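Reading through the structure tokens given below for one structure.
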Amino acid sequence: MALVLRYVHQGFQYYHETQDPRTTDLFIINPPWLPVALVGGYLYFVLNLGPKLMKDRKPFNLRTLLLVYNVLQVAANVYLACYGTHILLSKGWTWSCQPFDKSTSKLAMREVQLAYCYILLKLADLFDTVFFVLRKKQSHVSFLHVYHHAVMVLVPFIFMRNYPTGHCSMLGLLNTYVHAAMYFYFFMTVYRPEQVKDVRWKKYLTMMQMGQFVALAVYFGQPALRGLDCGIPVYWFWLGMVQAVFMFAMFADFYKKAYLKRKIK
């Protein structure tokens, strides 16, 4: 037990000492336990406290709030996607090994700021589940949904705190493109639900999610399997690749149950 605690302490110390100095003054990034605490509070509310509070209450009518929320999400994701693409192309983006830029140049600092905005956006995404709970749609609070939202805060947070530029930036860029389409669909389900009753809308969104994880698995897998650090320790690429493969497997299982088996019936 003492050995385990020692390794945990050494790992935390190393994680703390390797923080990128450009992120030391950013809110939520510091202290390092804050995002973990926020995700812990999120899990407690959506899985325990929230359902208990709503048990004997009528579901809230959140139509106006959802319309505004989804419009803001679409706008924010489109902006980050376009701005992120511009920055990566301006820096001379490469598919195989994007170098980690440690400088404080204008372009590098913009990339750090963009990564920070992405973290804040992932925290905002947690409200998706809170709205499900308040509308008493607890069946929507599946393991896939909750795990995806929690991990999409914690994993980018790790990258953001220590390596806010370079090869890891692709994770956020692809995700914002997919989420722009996803939140537009969510907006339409509230604004004009009769126009999106066709199951193909959700099917195509799921396929986009799966395609995103395939691309990320290949993207992180290249430097991981070839042993390239790209200015970043190679084990971070293994983490990104394994996580992408795991998420693809879960979304593929959902796709099979939601669309293929339904078609057979």
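Quick rundown of the values:
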{"item": "From the options N70, N77, residue that is open to solvent by less than 80 Å² (accessible area, probe 1.4 Å), within 30 Å of P233 (Cα to Cα) and modelled with pLDDT of 95 or more", "result": "N77"}
{"item": "In region 127-142, the residues that are part of a helix (DSSP H, G or I) and either touching a Leu at 6+ places or on another chain (Cβ under 7 Å) or closer than 13 Å to L66 by Cα (or both)", "result": "F127, D128, T129, V130, F131, F132, L134"}
{"item": "Every residue from region 81-98 that is in contact (Cβ under 8 Å) with a residue 24 or more places away in the chain and within 11 Å of S169 (Cβ to Cβ)", "result": "G84, T85, I87, L88, Q98"}
{"item": "Criterion: loosely packed, with under 15 Cβ neighbours inside 10 Å, in contact (Cβ under 8 Å) with a residue 24 or more places away in the chain and under 18 Å from Q73 (Cβ atoms) - qualifying residue of L120, L205, L144, L174", "result": "L120"}
{"item": "Some residue of region 43-63 being of a type in the set (F, W, Y), in contact (Cβ under 8 Å) with a residue 60 or more places away in the chain and open to solvent by 70 Å² or more (accessible area, probe 1.4 Å)", "result": "yes"}
{"item": "Number of the condition not met by S169 [criteria: (1) in contact with a Pro (Cβ under 9 Å, 6 or more places away or on another chain); (2) of a type in the set (S, T, N, Q); (3) touching a residue at least 60 places away in the same chain (Cβ under 8 Å)]", "result": "(1)"}
{"item": "Those helices (runs of 4 or more DSSP H) lying entirely in region 21-99 with at least 2 residues closer than 25 Å to R161 by Cβ", "result": "34-44, 63-90"}
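The values are calculated or read from the model by the stated rules, or taken from the named source; none is laboratory data. Note that the structure is predicted; figures quoted are calculated from it, not measured. Note that we place each Cβ from the backbone using ideal geometry, even for glycine, and neighbour counts take in every protein chain shown. Keep in mind that these areas ignore ligands, DNA and RNA; they rest on the heavy atoms of the full protein, side chains included. Shrake-Rupley method; radii C 1.70, N 1.55, O 1.52, S 1.80 Å.
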